[in-house]
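Nothing in this text is a laboratory measurement; each read-out follows from the coordinates by a stated rule. These figures come from a predicted structure and were not determined experimentally. No Cβ is skipped: glycine too gets one built from the backbone with ideal geometry, and neighbour counts run over all protein chains shown.
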């Protein structure tokens, strides 16, 4: 394909994908299937790899990430990102209204109300319609430019298609994790034995500062915009600016309202106090702004906040109820989670009977006793949590809770690793919920994808002694399945066929499915592509495991330990005999030259003409090898912009040659 042909095709694919992306995220419509959309993206990615110089600034491939950023550039805000004054009191809102009236010398005014979302503030800068910066609040004066991560937010336009857009403008908004995404993220972490995240807001904040933008893309952040800034916006009110950014394709929450006076503001606050629980994200209050921009300017600012705006914060709904008991749940990895069993109460729109107690440390901190009256809140967490004990109602006869020492399911003595908050049941091969949990993990969509199996069917197979390990599934016969409640000829055929089809699932998914602690889907893919086969991975030393991408000490030790257990090796061997894929089908880039034969590289920083993964492909295609850490054996440290100082210092200390992107290009030419 010639360069002009590629240019035309890249433009067509970019426009088509952006059109469908906008249709899905802005208008909640679809015209093509997920598979067709993914194929368009695959075709565009391939073309951009072949012709990197033709990649467009609004290319949708930026949505999937791939940039590694060790340090984020610090940026001074053109307009300081000041915080708002907070109040929990309607009377203080009346006082605020009085100050506004006085500051405007009796001139008529109106308010604009918006829900206050519990996320992370972001400032987005556009030049000539193209997104060029995404800056965090920081200290209000200076923040970090996290543009590579911001570009993964699919609801944000990378390029404004509308006409009459100012040459430069800034929009501000709130980045957040939708409730369902946060819930799934914690489920995935629990599934691989990681501690779950406490709340969606902190998780969104941490995600925005992650170094690997492809991991950020997988987190599925979202963003609502609520503020327009710039010299050439030609608007007189905040309402006009909201309508304008809506017309430019920005996602604005449709919960705003213009209010004539403070009485209408209070009605708006009351309206959303309960209704906000139905929204797809967490909210913690209402922002009230004077609508007219000239009046905003007249009212001005204090040292910390604007005089023309205030935030009303809803009090976290906290209800007192009796603690009837504590039950202990055992997960797939053996982690034991205590759960408070409560006298049922109505809280934030639902009836609550159970609440999280997290771990033994939390029970000790609360000094809990069975029979206590406890305060329960429902905030950004997956399930309600116990926040405190109502000591005014405590009876002197109640005894402190003593955390269990044995597994509630199999009676095995619990263990607690140094540095970990959770207790674990070590009886991996004999504890019923761990066994059933491993099979449930094995058959899930992201693993072996056996959709004819479910939690209830797995429980039946276990109870009948037909499935004690995932490998047992491949020994099932028709007569075995027919023993299950509700299974007839067709359902039995579908189940056995689903198990048979799973044998063609790629090695990356098989490796995730076998359930090595701390090995999630992404790490499984990296390990599979690095070691190529299950045998190579099983025989890898601890040091060799550390050389694989995304693998740190904790993961390396977990993988090493897994393949040094007789039970694990026996299970892996059975799966191999069953016919599962134990070799990666991932193909190395086509060999282009021997220019880098025998040379090893470590890549650090960001680059003008390449994404990190592209550079790795180029090095391998020219005969070179990519390593993850600097050592005496390394030939070159390929240094991009914003490279972390640690690698440079180590390279200089060991005498490793440091080369630039331009020097690298000369080597391969």
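Assorted remarks:
- For region 3-64, alpha-carbon Rg relative to the globular expectation (2.2 N^0.38 Å, N residues): 1.10
- Gyration tensor (alpha-carbon) shape descriptor, region 353-420, a/c threshold 1.5: oblate
- Spin-label pair residue 43-residue 483: with each label point 7 Å from Cα along the Cα-Cβ axis, the two points sit 5.2 nm from one another.
- Centroid-to-centroid separation of region 139-177 and region 609-669 [C-alpha atoms, Å]: 31
- Placing pseudo-labels 7 Å out from each Cα toward the beta carbon at residue 275 and residue 184 gives an inter-label distance of 2.8 nm.
- Applying 1/(1 + (r/R0)^6) with r as the Cβ-Cβ distance of residue 468 and residue 415 and R0 = 22 angstrom yields a FRET efficiency of 0.45.
- Separation of alpha-carbon centers, region 382-458 and region 542-568, rounded to whole Å: 25
- Percentage of interatomic Cα-Cα distances in region 507-578 larger than 20 Å: 17
- Residues 458, 326, sorted so that the one with the fewest Cβ neighbours within 10 Å comes first: 326, 458
- Calculated [θ] (222 nm, deg cm²/dmol) that DSSP helices of n ≥ 4 give over the chain, each run adding -39,500 (n - 2.57): -11000 deg cm²/dmol
- Segment residue 305-residue 71, extension gain: residue separation times 0.36 nm, minus the distance between their alpha carbons: 81.3 nm
- Residues residue 388 and residue 258, FRET efficiency given R0 of 41 Å [Cβ-Cβ distance, rounded to 0.05]: 0.55
- Residue-span extension gain [residue 660 to residue 33] - 0.36 nm each, minus C-alpha spacing: 221.4 nm
- Of the residues 369, 517, the one with the fewest other Cβ atoms within 10 Å heads the list, and the complete ranking is 369, 517.
- Radius of gyration and maximum dimension Dmax of region 171-218, Cα, Å: 11.3, 39
- Where a label projected 7 Å from the Cα of residue 569 along Cα→Cβ would reach, residues of region 539-557 with amide N under 19 Å: 539-545, 557
- Virtual paramagnetic centre 7 Å along Cα→Cβ of residue 561, amide N under 11 Å, in region 377-416: 416
- Stretchable slack from residue 91 to residue 79, in nm (0.36 nm times residue separation minus alpha-carbon distance): 1.2 nm
- Legend: translational diffusion of region 28-160 by Stokes-Einstein, Rh = Kirkwood radius over C-alpha pairs, 20 °C, 1.002 mPa s; D = 113 µm²/s.
- Gyration tensor (alpha-carbon) shape descriptor, region 432-504, a/c threshold 1.5: oblate
- Region 74-313 shape via C-alpha gyration tensor axes, a/c threshold 1.5: oblate
- FRET efficiency, residue 11 to residue 398 (Cβ-Cβ, R0 56 Å, nearest 0.05): 0.20
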